[in-house]
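What follows is a set of notes on a single structure, which appears directly below.
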Amino acid sequence: MRNAWSTAIGNISVGSVNTVNSLFKSWRKIAPTYTMDLYSLEKFKKYKKDWSYPVNIRYQEPVIQEKEKPCSTFQSAMKATLTIGQFFGLNPVQGIRGNDPAKLRFRLLSWRCAFTAISLMGQFTMAFVLFLSLFKEAASTVDTATTLLFYGFGFTTTILFFRIAIKWPQLSMIIAKGEAADPNTDAKLSRKFNIACAVILSLAFVEHGFSELHGMSIALDCHPEKPLYETFMRGSFAWLFLYIPYNDFVGFLAHFFNIQSTFNWNFTDVFVICMSTYLTARLEQVNQRIIAAKDKNLPSSFWRTMREDYNRTVHLVRQVDKMIGGVVFISFASNLFFVCSQLLHTLAGGIKASPKCRPDLPDDRRFFGGYEHSIYFVYSFLFLVVRSLAVSLTASKVHAASIEPAHALYDVSSANYCVEVERFLDQIHGDTVALSGLQFFHVKRGLILTIAGTIVTYELVLMQFTGVTPSSPDPG
């Protein structure tokens with residue numbers, strides 16, 4: 001009977017869902033004592049001759065056709081986020097708006113790469129001209145150095161995403177093959193990614209809006225008789241127009257590259273959050289099967305299968321970390337620096353109205369009566385702290401999920417303890433599975449306290465360097 005059954009199921013194709021279901025029903029009537037835990041047809045074909053493997057038959061009734069199944073693949077979940085990134089020159093890959101990763105292509109001679117190249121030249125020009133202004137101006141300030149790093153981070157981010165785009169089709173195919181063998185059980189991946197993208201970028205838009213209002217308020221207060229846009233551009237990019245004659249087109253380009261650098265800075269956090277969420281979901285999917293089996297009498301072949309599934313997910317984490325390690329590093333480095341910078345401005349200026357630039361004018365044309373500066377820096381500081389915590393906590397979940405199976409393996413009874421369980425435990429504790437910043441640091445929960453201590457330390461150094469003291473609220 002077993003030989004006949006093996007011959008029958010050996011001819012089943014991976015897509016023959018209806019045939020598999022009918023054979024499952026027949027097998028229950030013939031041999032109800034056998035159980036098999038099947039979560040994919042690939043697993044069924046691989047272990048169909050291993051009669052020691054426990055089988056808990058799961059068939060779907062009524063059968064849903066494959067084309068009607070809800071889509072929860074990595075490609076479909078990331079397409080909205082990546083499409084938004086391409087509007088600002090990031091990840092120039094063709095085919096990201098489709099659901100088939102096999103159609104992803106990176107072509108150097110394409111309009112997407114051309115737009116990325118223009119963005120790189122513009123961001124580099126902004127950073128280079130600002131660097132030259134450090135030598136031309138007699139007194140360089142912390143604000144000038146902060147702006148230089150801002151454009152430097154934007155330029156570096158665009159380069160890192162260009163490198164990711166070269167290997168993105170290959171990584172997407174690797175992920176798709178893993179999903180074909182073990183489909184995602186989290187059908188809300190797309191919603192999670194879209195919510196993270198919408199919330200962070202919306203709050204970033206508000207932050208940039210406060211910055212623009214601050215600049216326009218200065219223009220209205222100091223030069224109300226001149227054109228608003230020209231005054232705003234000259235005030236915002238005074239260092240640029242020391243070398244380039246002003247015209248509205250140059251001002252528009254400078255304004256666009258400024259917005260682009262702001263978006264790139266925020267998009268790195270969105271990207272890290274989405275990738276961390278996906279890797280955590282893949283690890284937790286394996287963990288759920290391990291936790292569900294911890295109190296059952298299972299043979300060593302089951303633990304071997306679980307360990308192999310865990311190995312494949314860990315290998316995926318390492319491949320992703322190798323590709324996006326630079327983005328993780330720039331995300332944490334930029335957040336750390338700008339949290340210190342914004343906190344310094346908040347402590348130095350305090351929450352108070354700025355004095356009028358033209359006291360001789362009777363009307364105050366500023367939007368918030370001089371509080372634009374304080375509103376921007378307080379909001380920016382709070383937003384940076386929340387965003388940094390969100391990135392750190394989400395990325396640290398990858399490491400937390402990687403060590404979670406150990407608790408279930410420790411609960412395996414002595415009668416069921418075997419070499420496979422021991423190898424599984426040794427693997428979990430013998431290696432660190434987590435996202436890293438170019439292998440300089442691993443993102444774990446303890447990293448948050450380390451960053452907090454670093455912020456306090458460097459904030460004290462910056463306050464001493466700029467002369468900000470409790471008795472002297474203004475920089476000396």
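The values are calculated or read from the model by the stated rules, or taken from the named source; none is laboratory data. Note that this is a predicted model, so its numbers are computed, not measured. For neighbour counting, all protein chains shown are included, and Cβ atoms are generated from backbone atoms with ideal geometry for every residue, glycine included.
Aromatic (F, W, Y), assigned to a helix (DSSP H, G or I) and under 30 Å from T156 (Cα atoms), is that true of F302? Taking the combined requirement at face value, the residue does not satisfy it.
Which one is farthest from P299 (Cα to Cα) among residues in segment 429-448 that are β-branched (V, I, T) and surrounded by 18 or more Cβ atoms within 10 Å (Cβ to Cβ)? Within segment 429-448, the match that is farthest from P299 (Cα to Cα) is V443.
Here is a yes/no grid of residues against (1) surrounded by fewer than 23 Cβ atoms within 10 Å (Cβ to Cβ); (2) within 23 Å of I84 (Cβ to Cβ); (3) assigned by TED's automatic domain parsing to the domain that holds S388:
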site	(1), (2), (3)
Y246	yes, no, yes
I259	yes, yes, yes
T277	yes, yes, yes
L283	no, no, yes
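Would you say S119 is assigned to a helix (DSSP H, G or I), within 30 Å of S76 (Cα to Cα) and within 18 Å of the chain's Cα centre (by Cα)? No, not satisfied.
Is one or more of the residues making up segment 163-185 aromatic (F, W, Y), assigned by TED's automatic domain parsing to the domain that holds K322, under 21 Å from G251 (Cα atoms) and out of contact with any Ser or Thr (no Cβ under 9 Å at 6 or more places or on another chain)? No, that holds for no residue.
Within segment 212-243, the set of residues being surrounded by fewer than 14 Cβ atoms within 10 Å (Cβ to Cβ), more than 36 Å from the chain's Cα centre (by Cα) and part of a loop (DSSP other than H, G, I, E, B) comprises E225, K226, P227, Y243. Here is a list of conditions, (1) at pLDDT below 75; (2) surrounded by fewer than 19 Cβ atoms within 10 Å (Cβ to Cβ); (3) assigned to a helix (DSSP H, G or I), and I351 meets all of them except one; can you say which number that is? So I351 meets the others, but not (3). Considering the conditions (1) of a type outside the set (F, W, Y); (2) surrounded by fewer than 19 Cβ atoms within 10 Å (Cβ to Cβ); (3) closer than 21 Å to A406 by Cβ, D309 is excluded by exactly one of them, (2).
Selection of first residues in segment 357-385 that are surrounded by 18 or more Cβ atoms within 10 Å (Cβ to Cβ) and at pLDDT below 85 and of second residues that are not polar (S, T, N, Q) and not in a helix (DSSP H, G or I), restricted to Cβ pairs under 6 Å at least 6 apart or on distinct chains, gives the following pairs, ordered by first then second residue: S374/I351.
Restricting attention to segment 162-179 and to residues that are of a type in the set (G, A, S) and more than 16 Å from the chain's Cα centre (by Cα), the residue that is surrounded by the most Cβ atoms within 10 Å (Cβ to Cβ) turns out to be G178.
Considering only segment 306-313, I want to know if a residue exists there that is among the hydrophobic types (A, V, I, L, M, F, W, C) and farther than 22 Å from K167 by Cβ. Yes, some residue in segment 306-313 is among the hydrophobic types (A, V, I, L, M, F, W, C) and farther than 22 Å from K167 by Cβ.
One line per residue, one yes/no per condition, for (1) under 30 Å from Q464 (Cβ atoms); (2) in a loop (DSSP other than H, G, I, E, B); (3) free of Cβ contacts under 8 Å to residues at least 60 places away in the same chain; (4) under 19 Å from the mean Cα position of the chain (by Cα):
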site	(1), (2), (3), (4)
R107	no, yes, yes, no
R112	no, no, yes, no
L132	yes, no, no, no
Y151	yes, no, no, no
L160	no, no, no, yes
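Scanning segment 196-245 for residues that are within 23 Å of F271 (Cβ to Cβ) and of a type in the set (D, E, K, R) yields a total of 1. R97 meets the conditions (1) modelled with pLDDT under 90; (2) assigned to a helix (DSSP H, G or I); (3) within 23 Å of the chain's Cα centre (by Cα) in every case but one. The failed one is (2). Would you please name the residue that is farthest from K296 (Cα to Cα), looking only at residues in segment 400-428 that are in a loop (DSSP other than H, G, I, E, B) and among the charged types (D, E, K, R)? Here the residue is E404.
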